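Visitor: This is the structure I want to talk about, given as structure tokens.
Just so it is clear, none of the values below were taken in a lab; they were calculated from the coordinates. Since the model is a prediction, treat every value here as computed from it, not as a measurement. Backbone-built Cβ (ideal geometry, glycine too); neighbour counts: all protein chains shown.
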Amino acid sequence: MVTVQVGDRLFENITGIIFDKDGTLADSQSYLRELAQKRARLIDAQIPGVGEPLLMAFGMVDSVLDPTGLMAVGSHQENAIAAAAYIAETGRSWFEALDIAKKAFTEAEQMLGDRSHTSPLFAGSLEVLKFCHDAGLKLGILSMDSTANVEIFVKTYQLQDYIQLEMGAEFGLKPDPNLFLKACAELGTAPGQTLMVGDAPGDIQMAKAAEAAGSIGICWGDATQAHLETADVAIASLDELKIVMG
């Protein structure tokens, strides 16, 4: 077991760390902002007037992506359902509205191409994953992106030697604590000996409800963000996580 220091907090008897992907390991804000804009434009082209309300629903305000908004923290399914609800308000049947939303989402993703290269690994993250792994910790990724995209991200940035769990939204939705419990079971760690590192309130709520060893909130460059204040500790860079003893 390992003692992990984050800021002035010590977390003892730790056997594993589970990381969120987007906004935590992957610098995906630019990609998600562009994806939200393309989705809204494609739907607005078919149903004029829906685009602006959709952008607000996605969490886009004045071209700035809200880190707590639907686009940043929601799954693909949750975003599609939200978009379909706006479309249905125009008089379309639910199934027609959902079909329009899903087709626009697919087209937007095809237009942007492989997201793994436009959502790069944050600088310094590889070194942190390496020293955590070398200290004997089991490491996993639990994301609201698809498992396939998590796997592509791990492969693209050659994290296979360090990441032992790749889990996406198909397994459940944050902040359901059962999702964290399931991830711990797959990783082979006890929840009470596992840390959760994420950039969204859902990560923090999930970890606390699952009685994780600790919840670490991260907002790269600014740990004072209000949405992280319920975390056990907030950091502005992943390298603030230290292994202090075995």
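Visitor: Taking the mean number of other Cβ atoms within 10 Å as a proxy for protection, how do you rank 96-102, 122-128 from highest to lowest?
Guide: By packing density, highest mean first, the sequence is 96-102, 122-128.
Visitor: Enter the angle in degrees (range 0 to 90, nearest 10) between the Cα long axis of helix 125-134 and the first principal axis of the Cα atoms of the chain, meaning the one along which they spread out most.
Guide: With rounding to tens, the tilt is 40 degrees.
Visitor: Where the convex hull is taken over the Cα atoms of region 29-116, what is its projected area averaged over directions, in nm²?
Guide: On the way: hull surface 20.5 nm².
That works out to 5.1 nm², a quarter of the Cα hull's surface.
Visitor: Treating the angle as unsigned and between 0 and 90°, give the value, to the nearest 10°, between the Cα long axis of helix 94-112 and the longest Cα principal axis of the chain.
Guide: 60
Visitor: Can you give me the convex hull volume of the Cα atoms of the chain, divided per residue and expressed in Å³? Don't skip to the answer; put the middle values down first.
Guide: Values: hull volume 27.5 nm³, N = 246.
Convex hull of Cα atoms, per residue: 112 Å³.
Visitor: Okay, moving on. So how much slack lies between residue 8 and residue 106, counting 0.36 nm per residue of separation and subtracting their Cα-Cα distance, in nm?
Guide: On the way: separation 98, 0.36 × 98 = 35.28 nm, distance 4.46 nm.
Taking residue 8 through residue 106 to full extension adds about 30.8 nm, to one decimal.
Visitor: Rank-order 65-71, 155-161 by packing density, defined as the average count of other C-beta atoms within 10 Å over each peptide's residues, highest first.
Guide: Numbers: 65-71: 19.6, 155-161: 13.7.
The most tightly packed comes first, giving 65-71, 155-161.
Visitor: Additional query: Which pairs break 30 Å Cα to Cα here: 103/138; 103/155; 208/242; 102/130; 38/242; 130/174? Walk me through the intermediate numbers first.
Guide: On the way: 103/138 38 Å; 103/155 27 Å; 208/242 21 Å; 102/130 38 Å; 38/242 40 Å; 130/174 26 Å.
Too far apart for the 30 Å limit: 103/138; 102/130; 38/242.
Visitor: Provide the net charge surrounding residue 26, with neighbours chosen by a C-beta distance below 11 Å and charges set as Lys +1, Arg +1, Asp -1, Glu -1.
Guide: -3
Visitor: May I pose another question? So what's the angle, to the nearest 10 degrees on a 0 to 90 scale, between helix 76-88 and the longest Cα principal axis of the chain?
Guide: Compared with the principal axis, the helix lies near 20 degrees.
Visitor: Another question, if that's okay. What full-extension length gain, to one decimal in nm, is calculated for residue 229 and residue 118 as 0.36 nm per residue of separation minus the Cα-Cα distance? Before the final figure, lay out each step's value.
Guide: Details: separation 111, 0.36 × 111 = 39.96 nm, distance 2.90 nm.
Taking 0.36 nm per residue and subtracting the Cα distance, the gain is 37.1 nm.
Visitor: Remind me, what semi-axes does region 122-165 give for its equivalent ellipsoid, largest first in whole Å, using sqrt of 5 times each Cα gyration tensor eigenvalue?
Guide: Details: eigenvalues 65, 27, 15 Å².
Gyration-tensor ellipsoid for region 122-165: 18, 12, 9 Å.
Visitor: Another question, if that's okay. Measuring from centroid to centroid over Cα atoms, what is the spacing of region 120-143 and region 49-79 in Å?
Guide: If we compute the Cα centre of each part, the gap is 29 Å.
Visitor: Sticking with this one: Could you work out the local net charge near residue 194, counting Lys and Arg as +1, Asp and Glu as -1, over the other residues with Cβ closer than 11 Å to its Cβ? Kindly include the intermediate steps, with their values, before the conclusion.
Guide: Details: positive: 138; negative: 211.
Residues close to residue 194 contribute a combined charge of 0.
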